[in-house]
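A.B. asks: Before I ask anything, here is the structure I am working with.
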Amino acid sequence: MPEAPPTYDQVFAELPLLAPSPDGWAELAASELSAFLADHAVCEQQAALFALSLVGHYPEDRDLVDKMSALAAEEAVHLRRVAAALERRDAHPDRRRANPWVQRLRQHMETDREPLLKVDRLLVGALIEARSCDRFTRLLSVLRARGDDPDVVRLLEDLGPAEARHWRTFHALAKRELPTAELEERWRRWLEIEREATAAQGGRSPTVHG
């Protein structure tokens with residue numbers, strides 16, 4: 001007998017986030033799946049570009065180059081799958097756009113000191129992936145309950161666990177750069193910033209970080 005998939009609460013308990021997605025966001029995204037997927041495609045593109053930008057910033061870091069190039073390749077595969085789901089709906093990805101939630105995070109990044117800038121870049125990457133895992137799992141639970149959109153269900157069943165792996169990859173890379181206590185203090189600060197940014201967005205949009 002196949003093992004039951006984890007519940008949203010079980011998945012969220014394994015994430016570092018301080019608060020779940022706002023109530024109602026998943027229902028909104030489920031009712032506007034084409035809009036969600038169109039935005040999701042943009043997020044996958046930006047995730048791949050972000051990973052490759054880290055390779056460009058830190059080419060001497062062989063571990064980072066290996067992990068980020070692999071992550072970028074995986075995000076490109078995800079982009080193709082999301083684009084295919086959109087094509088079945090006679091829709092297409094959105095054009096690249098500013099992400100207000102990500103912009104709120106980046107306002108708090110160190111800008112001129114290394115290794116703190118590197119650490120902040122990696123921790124922001126971890127937060128993006130962790131919140132995406134939260135969102136995908138929340139939406140998946142709603143779609144399963146409704147019993148429709150099996151193609152999107154299968155997509156989210158794969159993408160949620162991938163995002164969980166990705167946030168851990170970013171976090172592990174950041175941990176190498178600072179003493180443990182200093183890294184943990186910085187991570188706690190970032191988690192509080194993320195909670196505030198998510199609350200400010202309010203779940204009023206079907207976008208991935210809306």
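What follows draws every value from the coordinates through simple rules; no lab data is involved. Everything numeric in this text was worked out from a predicted model, so none of it was measured. Quick reminder, even Gly has a Cβ in these numbers, built from the backbone with ideal geometry, and neighbours come from all protein chains shown.
A.B. asks: To make sure I understand, if each residue's beta carbon is the centre and we count other beta carbons within 10 Å, what order do HIS108, HIS40 fall in, fewest to most?
C.D. replies: Ordered by Cβ neighbours within 10 Å, fewest first: HIS108, HIS40.
A.B. asks: Over the chain, what is the mean sequence separation of C-alpha contacts under 8 Å (at least six apart), divided by residue count, expressed as relative contact order in percent?
C.D. replies: This gives 34 percent for the chain.
A.B. asks: To continue, here is another question. For the stretch 167-210 and the stretch 13-71, what is the centre-to-centre distance using only Cα atoms, to the nearest Å?
C.D. replies: Going from one Cα centre to the other spans 12 Å.
A.B. asks: Order these peptides, 86-97, 184-195, 164-175, by their mean beta-carbon neighbour count within 10 angstrom, highest first.
C.D. replies: Order by mean packing, descending: 164-175, 184-195, 86-97.
A.B. asks: Further, regarding this structure: How large is log10 I(q)/I(0) at q = 0.20 Å⁻¹ when the Debye formula is applied to the Cα atoms of the stretch 1-124, each weighted equally and without solvent?
C.D. replies: -1.34
A.B. asks: Oh, and also: Springs between alpha-carbon atoms under 10 Å, Gaussian network over the chain: tell me which of ALA98, ALA200, ALA73 tops the mean-square fluctuations.
C.D. replies: ALA98
A.B. asks: What is the extension gain from GLU87 to ASP66, computed as 0.36 nm multiplied by their sequence separation minus the C-alpha to C-alpha distance, in nm to one decimal?
C.D. replies: So the extension gain works out to 4.3 nm.
A.B. asks: Which helices, taking whole DSSP H runs in the chain, have alpha carbons extending 24 angstrom or more along the helix axis plus mean Kyte-Doolittle at least -0.5?
C.D. replies: TM-like helix candidates: 33-57, 62-88, 116-146, 150-175.
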